[in-house]
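One structure below.
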Amino acid sequence: MEREARETNAAGALWDFAVRLYAEPGVSDACLALQDRFGVDVPLLLWAAWLGDGADAAALRAGDRAVGPWRARAVRPLRALRRHLRHTVAGLDEDAQEGWRGSVKRLEIDAERIAFGILAKIGRRRGRANLVPFATVFGLEYSSPELELIEAAARRLA
């Protein structure tokens, strides 16, 4: 029971941090640019920022392995459907299509929240945001403006 409470608290703290970080100026655009250009998993990235110095290579790989099946079976299919619904679907009324798109977006966000719950069980939050290990593990240029912006915003929030 005590372990469950700790995990619930960690998941809630991570979710709150991720929502606040994503709302920081420029962060959502930076996350989506990294997602679209390099296939970055945004919940994994925001979790790495939350972990701070606890985001070492072993923790990042463990998080990626743990959340990978959920990402593949739920998050990505919902994202693909939501993006598909941006374009006209023959035979579907525009208002109905927008309503469906909104419903799918809510499901996608719920699926990402579940992903954060999975990630909250791995690693320990320490120190300030440091996305160098994330960039190294996932083959990104750390000096990218997007990663630097996200890291700076995470440091302001911590």
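Laboratory data are not the source of any read-out in this text; all were calculated from the coordinates shown. What you see is a predicted model; the values in this text were computed from it and never measured. Counting neighbours? That spans all protein chains shown, and the Cβs are built from the backbone with ideal geometry, glycine included.
Testing the spin-label approximation: label points 7 Å from Cα along Cα→Cβ at residue 65 and residue 16. State their distance in nm.
Rounded to a tenth, the inter-label distance reads 3.1 nm.
Apply the Karplus parameterisation 6.51 cos²θ - 1.76 cosθ + 1.60, with θ equal to phi minus 60°, to every residue of the range 20-28 and state each ³J(HN,Hα) to the nearest whole Hz, in sequence, with x for glycine and proline.
Along the range 20-28, the couplings run 5, 5, 4, 7, 5, x, x, 5, 4 Hz.
Report relative contact order for the chain in percent, whole number only (criteria: Cα-Cα under 8 Å, sequence separation at least 6).
Numbers: 175 pairs, mean separation 62.5, N = 158.
This gives 40 percent for the chain.
Given a Förster distance of 35 angstrom, what is the FRET efficiency for residue 89 paired with residue 152, based on the Cβ-Cβ distance and rounded to 0.05?
Computed FRET efficiency for residue 89 and residue 152 comes out at 0.30.
Using only the C-alpha atoms of the range 25-90, find the volume of their convex hull and express it per residue in Å³.
97 Å³
Quick one: the Cα spread of the range 100-158 along its three principal axes, in angstroms, biggest first?
Its Cα atoms span 38, 26, 25 Å along the three principal axes.
Order the peptides 136-149, 106-119, 46-59 from the highest to the lowest mean number of other Cβ atoms within 10 Å of their residues. Before the final figure, lay out each step's value.
On the way: 136-149: 15.1, 106-119: 18.7, 46-59: 21.3.
With the highest mean Cβ count within 10 Å placed first, the list reads 46-59, 106-119, 136-149.
Given labels modelled 7 Å from the Cα in the Cβ direction, how far is it in nm from residue 53 to residue 113?
3.3 nm
For the pair residue 29 and residue 126, what calculated FRET efficiency results from E = 1/(1 + (r/R0)^6), where r is the Cβ-Cβ distance and R0 = 30 Å, to the nearest 0.05?
0.60
From the helices alone, meaning DSSP H stretches of at least four residues, give me the mean residue ellipticity at 222 nm for the chain, per-run term -39500 (n - 2.57), in deg cm²/dmol to the nearest 500.
Rounded to the nearest 500, the figure is -23000 deg cm²/dmol.
What's the extension gain from residue 106 to residue 76 if we count 0.36 nm per residue and subtract their Cα-Cα distance?
Length gained between residue 106 and residue 76: 9.4 nm.
Beyond 28 Å, how much of the Cα-Cα pair distribution for the chain remains, as a whole percent?
Values: 2729 of 12403 pairs.
Within the chain, distances greater than 28 Å cover 22 percent of Cα pairs.
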